[in-house]
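Novice: Questions regarding the structure given below will be posed in turn.
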Amino acid sequence: YLVNLVLVGIVAGIIGGATGLLETVRVGDTTTMVGSIGYDLLSVALGAAYFIGSWSGGRRATLGQRLFSIQVGNAVDGRALTTEQAARRWAGLGLWIGALGFTTVLAGFTTLAAIGWMVILLITTATSPTKQGIHDRIAGSATARPTGAGNGLVTTCLVIVIGFVLLSLLAVVALIFLGDQISGILLDVGECV
C-alpha cells in the first residue's frame, strides 16, 4: 500500500510541479511545497486511475501488490474485479478523503478522518476470519497469494534496499551540484539562530 502511495505521489508531484498546481512558497526563511485544490484533485484522480486500472481488466494487482505476490479478485469465484468492483474497493479505502481538505481548518479534520479510517480498515481486516476489511466487503473482493507465488518478501526487501541506495546516490549528486547554494542557506540559518 505504501509503495503504491509513493508511486502515485511521485507522479502527482511531477505533474503538479510541471503544471503549476504544486508551488514553492517562501514563508520567512523557510521554503515549502504547497498544493492547491487542483493538486489535491489531481492526486485523487491519479490514485483512482492507478488503483482501479490495476485491479480490474485482468491485471489483478498494483505494482506494490506484485512485489508481495498478492492479487485481488472477486471474493465469490476469484475472477478479476470488474471496473465497478475496483471503484468500490478504491472508494472503500478512503483515498479520496484528502481532497476534502481545501481549507486549512478542513485539512486538519480530513487528515484526522483519513488516519481514523485507515485504523478502522486495519482493525476490520485483522479481525475478519477471511481477512476482508470493510473496503473488500463493499466491493465483494478478496486478496490472495497465488499458489506457487512464494512470499515475495526477499524481492520486496531487495527493491526497498535498492530504492534507498538510489535515493542516497541521488542525494549525494544533488549535494554535489547544489553544494554552494546549500552552504549559503545553512550560513543564513546559522546567522539567524
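The values are calculated or read from the model by the stated rules, or taken from the named source; none is laboratory data. Since this is a predicted model, take the numbers as computed values, not measurements. Using ideal geometry, Cβ is built from the backbone for each residue, glycine included, and neighbour counts are taken over all protein chains shown. The protein model used for the area step is the full one, side chains on, heavy atoms only, and it has no ligands, DNA or RNA in it. Shrake-Rupley method; radii C 1.70, N 1.55, O 1.52, S 1.80 Å.
Novice: For residues that are modelled with pLDDT of 90 or more and touching a Lys or Arg at 6+ places or on another chain (Cβ under 7 Å), scanning just the stretch 66-79, find the one that is nearest to Thr155 (Cα to Cα).
Specialist: The extreme case among them is Gln71.
Novice: Now a separate question. Evaluate the stretch 138-153: report whether one residue or more is part of a helix (DSSP H, G or I), surrounded by 15 or more Cβ atoms within 10 Å (Cβ to Cβ) and without any contact (Cβ under 8 Å) to a residue 24 or more places away in the chain.
Specialist: no
Novice: Checking Thr111 against (1) closer than 20 Å to Val8 by Cα; (2) open to solvent by less than 60 Å² (accessible area, probe 1.4 Å), only one condition comes out false. Which one?
Specialist: In the conditions (1) closer than 20 Å to Val8 by Cα; (2) open to solvent by less than 60 Å² (accessible area, probe 1.4 Å), Thr111 misses (2) alone.
Let's see how each residue does on (1) under 30 Å from Leu21 (Cα atoms); (2) in contact with a strand residue (DSSP E or B) (Cβ under 6 Å, 6 or more places away or on another chain):
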site: Ala91; (1), (2): yes, no
site: Leu106; (1), (2): yes, no
site: Ala113; (1), (2): yes, no
site: Gly116; (1), (2): yes, no
site: Thr143; (1), (2): no, yes
site: Thr155; (1), (2): no, no
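Novice: Across the stretch 54-108, which residue is farthest from Val119 (Cα to Cα) among those that are assigned to a helix (DSSP H, G or I), among the small types (Gly, Ala, Ser) and open to solvent by 30 Å² or more (accessible area, probe 1.4 Å)?
Specialist: Filtering first and then ranking leaves Ala87.
Novice: Name the residues in the stretch 31-65 that are touching a strand residue (DSSP E or B) at 6+ places or on another chain (Cβ under 6 Å), of a type outside the set (A, V, I, L, M) and modelled with pLDDT of 85 or more, would you?
Specialist: Trp55, Ser56, Arg60
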